[in-house]
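First the structure, in the form of structure tokens, and then the observations on it.
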């Protein structure tokens, strides 16, 4: 597929005119009732943007609508073309957060992960392209880098789909305290009076809060309509990273007695954001642009949670606000 760069330039000139006249942008957040999606919804609503959320969870929509009455909601599935085109009408920016993400579930429910992550991503990209919406960002995952599980493989394919349409992806690691994260599980186990569970061998993970993730998305969207930035068909990754060992957090909590279980099917011991065949270069204060063309000068050890700067368990707790965070 050939991407029309002239259309992209014309569209961004229109955005600049809109911005100068003090008008707000329209943004569609697909999967906007999830952990990241709901935070993005709050952020852009507070920034004065016209926010529309597309998701298939009516209960979460109702709850979020009570908190944010100005937000518009569309109930539907990311794979439904008619619903997608309805939600996309009049949008300036699109962020696709919709995905099936729990790694071990992907090994079992293959068809559903392919349907949502690949077919759904293709539906988003195709509809945006057909409707001349060019500022489109897909939320990817570190699992897409040298994938060893089905979830990672579906996100890698989805990155390629978005790239082929001239759209970009943002790849980062697990978000602390998001749904299903080790920290959210531990807090529930501790609240229940149960022993915490630690997977072995002890994993390392990048430290990334939900506010960090929102900042990365916002920076990526800024790049998408900056005519001086090579933002067409990019894969972005954060370039300033720190990591922690999960067992160090338990020790910082004063826990010495926990249950050890092996890693779940498809889980990695360490997170990795840049593949050995990829390179890249700094493109903003927060992000790097990753490519396979040998352009750039990154150090791969700076994008592996086992070799990047390691913070202590106490530093982790200070970052997330302890058990109350």
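The values are calculated or read from the model by the stated rules, or taken from the named source; none is laboratory data. Bear in mind that the values here come from a model prediction, so they are computed numbers and not experimental data. With ideal geometry, Cβ positions are generated from the backbone for all residues, glycine too; neighbour counts draw on all protein chains shown.
Observations, loosely collected:
- The one condition in (1) part of a helix (DSSP H, G or I); (2) out of contact with any strand residue (DSSP E or B) (no Cβ under 9 Å at 6 or more places or on another chain); (3) crowded, with 18+ Cβ neighbours inside 10 Å; (4) modelled with pLDDT of 95 or more that residue 161 fails to fulfil: (2)
- Residues located in the stretch 128-145, provided they are in contact with a strand residue (DSSP E or B) (Cβ under 9 Å, 6 or more places away or on another chain) and over 21 Å from residue 181 (Cα atoms): 128, 129, 133, 135, 136, 137
- For residue 254: the one exception among (1) over 25 Å from residue 323 (Cα atoms); (2) at pLDDT 95 or above: (1)
- Verdict on residue 241 being within 16 Å of the chain's Cα centre (by Cα) and in a loop (DSSP other than H, G, I, E, B): yes
- Scanning the stretch 168-192 for residues that are in a loop (DSSP other than H, G, I, E, B) and modelled with pLDDT of 95 or more, we see that the one that is nearest to residue 280 (Cα to Cα) is 171.
- Of all residue pairs spaced 6 or more apart or on separate chains, none has beta-carbon atoms under 8 Å together with a first member in the stretch 233-245 that is free of Cβ contacts under 8 Å to residues at least 40 places away in the same chain and a second member that is in a loop (DSSP other than H, G, I, E, B) and buried (at least 19 other Cβ atoms within 10 Å of the Cβ).
- Looking across the stretch 288-308, the residues that are assigned to a loop (DSSP other than H, G, I, E, B) and either more than 24 Å from residue 246 (Cβ to Cβ) or touching a helix residue (DSSP H, G or I) at 6+ places or on another chain (Cβ under 9 Å) (or both) come down to 292, 293, 294, 295, 296, 297, 298, 299, 305, 307, 308.
- The one condition in (1) surrounded by fewer than 24 Cβ atoms within 10 Å (Cβ to Cβ); (2) within 19 Å of residue 233 (Cα to Cα) that residue 120 fails to fulfil: (1)
- Some residue of the stretch 83-101 being out of contact with any strand residue (DSSP E or B) (no Cβ under 7 Å at 6 or more places or on another chain), at pLDDT 95 or above, buried (at least 17 other Cβ atoms within 10 Å of the Cβ) and more than 30 Å from residue 189 (Cβ to Cβ): yes
- Filter result for residue 276 (in contact (Cβ under 8 Å) with a residue 12 or more places away in the chain, out of contact with any strand residue (DSSP E or B) (no Cβ under 6 Å at 6 or more places or on another chain) and farther than 17 Å from residue 322 by Cα): yes
- The stretch 145-158: number of residues that are more than 15 Å from the chain's Cα centre (by Cα) and part of a loop (DSSP other than H, G, I, E, B): 4
- Here the stretch 198-232 is the region considered, the condition is being in contact with a helix residue (DSSP H, G or I) (Cβ under 7 Å, 6 or more places away or on another chain), under 23 Å from residue 292 (Cβ atoms) and surrounded by fewer than 18 Cβ atoms within 10 Å (Cβ to Cβ), and the residue that is modelled with the lowest pLDDT is 229.
- Count of residues meeting criterion [under 20 Å from the mean Cα position of the chain (by Cα) and at pLDDT below 95] in the stretch 291-318: 1
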